[in-house]
Ligand code: FES
């Protein structure tokens, strides 16, 4: 089990998820408003999340397909990732994320 921090409106919650699940899985379990309409096949980008600045460089780099999907987003930031592509491991204990601003 891994602790992940989720921030919304200046409130940070500690959430627990099993290893090898994704941020999309965690969001569904915790009723965080991520749509994830393609269920992780990298065809929708509705699982867009913002990774805390202290964590973005600690994640494996996005693959080319993920990067291309992210660059199409109107609210893309340098800390944007697709939640379905972030697989939770022990190394990510304490990872912090939030949702992007609406556009
Ligand atoms: Fe569709 Fe992540 S759920 S790209």
- Item | Scope segment 40-51; condition within 13 Å of the ligand (Cβ to nearest atom) and under 16 Å from residue 6 (Cβ atoms); matching residues | 47, 48, 49
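Hey, among 12, 22, 89, which residue is within 10 Å of the ligand (Cβ to nearest atom) and touching a strand residue (DSSP E or B) at 6+ places or on another chain (Cβ under 9 Å)?
Details: 12 fails: within 10 Å of the ligand (Cβ to nearest atom); 89 fails: within 10 Å of the ligand (Cβ to nearest atom).
Being within 10 Å of the ligand (Cβ to nearest atom) and touching a strand residue (DSSP E or B) at 6+ places or on another chain (Cβ under 9 Å) holds for just one of 12, 22, 89, which is 22.
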- Would you mind stating whether residue 37 is within 12 Å of the chain's Cα centre (by Cα), part of a loop (DSSP other than H, G, I, E, B) and within 14 Å of the ligand (Cβ to nearest atom)? no
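Within segment 52-72, is there a residue that is part of a strand (DSSP E or B) and more than 12 Å from the ligand (Cβ to nearest atom)?
Taking segment 52-72 and keeping what is part of a strand (DSSP E or B), we get none.
Taking every residue of segment 52-72 in turn, none turns out to be part of a strand (DSSP E or B) and more than 12 Å from the ligand (Cβ to nearest atom).
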- Within segment 8-24, considering residues that are more than 11 Å from residue 49 (Cβ to Cβ) and in contact (Cβ under 8 Å) with a residue 24 or more places away in the chain, the one surrounded by the most Cβ atoms within 10 Å (Cβ to Cβ): 17
- Query: Residues of segment 76-86 being in a loop (DSSP other than H, G, I, E, B) and either near the ligand (Cβ under 10 Å from one of its atoms) or surrounded by 12 or more Cβ atoms within 10 Å (Cβ to Cβ) (or both), which ones?
  - Reply: 76, 77, 79, 86
- Message: I'd like to know if segment 88-100 contains one or more residues that are modelled with pLDDT of 95 or more, in a helix (DSSP H, G or I) and touching a helix residue (DSSP H, G or I) at 6+ places or on another chain (Cβ under 9 Å).
- Response: yes
- Message: Restricting to segment 20-47, name every residue that is within 16 Å of residue 96 (Cα to Cα) and touching a helix residue (DSSP H, G or I) at 6+ places or on another chain (Cβ under 7 Å).
- Response: 22, 23, 24, 27, 34, 47
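The values are calculated or read from the model by the stated rules, or taken from the named source; none is laboratory data. The shown structure was predicted, so the numbers you read here are calculated from the model rather than taken from an experiment. Please note: Cβ atoms are built from the backbone with ideal geometry, for glycine as well, and neighbour counts cover all protein chains shown.
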